[in-house]
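Below is one structure, written out as structure tokens, with a few remarks after it.
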Amino acid sequence: MNVAGSFYSMNSGEDIYVKSMGIIDSLLKDDKRFNDSYSEAEKSVVKRVIHATSDISYAETVFFTNGSAEKSIALIREKTVKKKPLKIVCDSEMTKAGVSRNVNKNIILDLNCYINSAELPKGSGMTKSAFSIKTAISEVLPDIIIIGNAPTALMASMEICHELYKSINYKPSLIIGMPVGFVGAAESKEILYGNNFFKSIGNFGNLGGSSSAASAMNALLRESL
């Protein structure tokens, strides 16, 4: 019996997604924090992150500030109606690659990542990730900023957005901050959570990564249909 062949023939990508979500729903059925703390839109984001990572602990750690999920879904719908691109800046090519153009084909996605094109000045005192994200945000003025790798990029994003707000009254509609690592990741996300200037989606702790951050964006895109 060709088990692999049987599996592939019986399961489309959508079938697998639906079955996975059914399993996640069953695992979270009696999770009081998940069911009592999140709105329906927020639950969709959390479940999508769990689906992307196979880590149920995200149900305890994902945070939303200032109505970020609902307001971001409304923004995507507004952009769709007006046929205007949704401008997104990502901190890495992996994060950018994880944002799906197929989840919501009605929206025009303008995805940007400057990590390989921005040349770090000597003596800048910044990481390449921090310098690149500052450059990208200043040039693109994105609607949404997605950080899935570097804590320094998340800190630099908040810094440049405050500077741009003072000079040209710009600030992003959403920051998704889910950098991963043992150095600075948890701390940078705590700072994002506590910064009431932004609407944000993030998670507490060291876990995170490109797939987590991109999947949060994909959930918003799906919910905006």
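Derivation of every value follows stated rules applied to the coordinates shown; laboratory data play no part. Values in this document were obtained by computation on a predicted structure and should not be read as measured data. Ideal geometry is used to build each Cβ from the backbone, glycine not excepted, and the neighbour counts take in all protein chains shown.
For this structure, a couple of remarks:
- For the chain, averaging the sequence separation of C-alpha pairs within contact (under 8 Å, six or more residues apart) and dividing by the residue count gives a relative contact order of 24 percent.
- Listed pairs 128/199; 166/199; 82/105; 84/189; 19/84; 128/166 exceeding 22 Å between Cα atoms: 128/199; 84/189; 19/84; 128/166
- Sequence-distant residues sharing a close amide H with residue 149 (under 5 Å, placed H): 180
- Counting beta carbons within 10 Å around each of 64, 182, 197 and listing the fewest first gives the order 182, 197, 64.
- Residue-averaged 222 nm ellipticity for the chain, from DSSP H runs of 4+ at -39500 (n - 2.57), nearest 500: -16500 deg cm²/dmol
- Here's the list of aspartates and glutamates a cross-link from residue 43 could span, going by alpha-carbon distance under 18 Å and ignoring same-chain residues fewer than 8 apart: 25, 30, 31, 55, 60, 70, 223.
- As a rough footprinting exposure proxy, the listed residues 56, 16, 168 were ranked by other beta carbons within 10 Å of their own, and the order from fewest upward is 168, 16, 56.
- The mean of 1/r over all distinct Cα pairs in the range 33-86, once inverted, gives the Kirkwood hydrodynamic radius of 12.3 Å.
- The ranking of 25, 30, 91 by Cβ neighbour count inside 10 Å, starting from the fewest, reads 30, 25, 91.
- Between the amide H of residue 63 and those of 202, 203, 204, distances stay under 5 Å, these residues lying 5 or more places away or on another chain, with hydrogens modeled in the peptide plane.
- Size of the range 23-63 as Cα extents on the principal axes (Å, biggest first): 22, 19, 15
- The alpha carbon centroids of the range 110-154 and the range 164-225 are separated by 14 Å.
- Taking one quarter of the surface of the C-alpha convex hull of the chain gives a mean projected area of 14.3 nm².
- At 1.002 mPa s and 20 °C, Stokes diffusion of the range 124-205 via Kirkwood alpha-carbon radius, µm² per second: 172 µm²/s
- Taking packing as the residue-averaged number of other Cβ atoms within 10 angstrom, the listed peptides 123-131, 205-213 run from highest to lowest as 205-213, 123-131.
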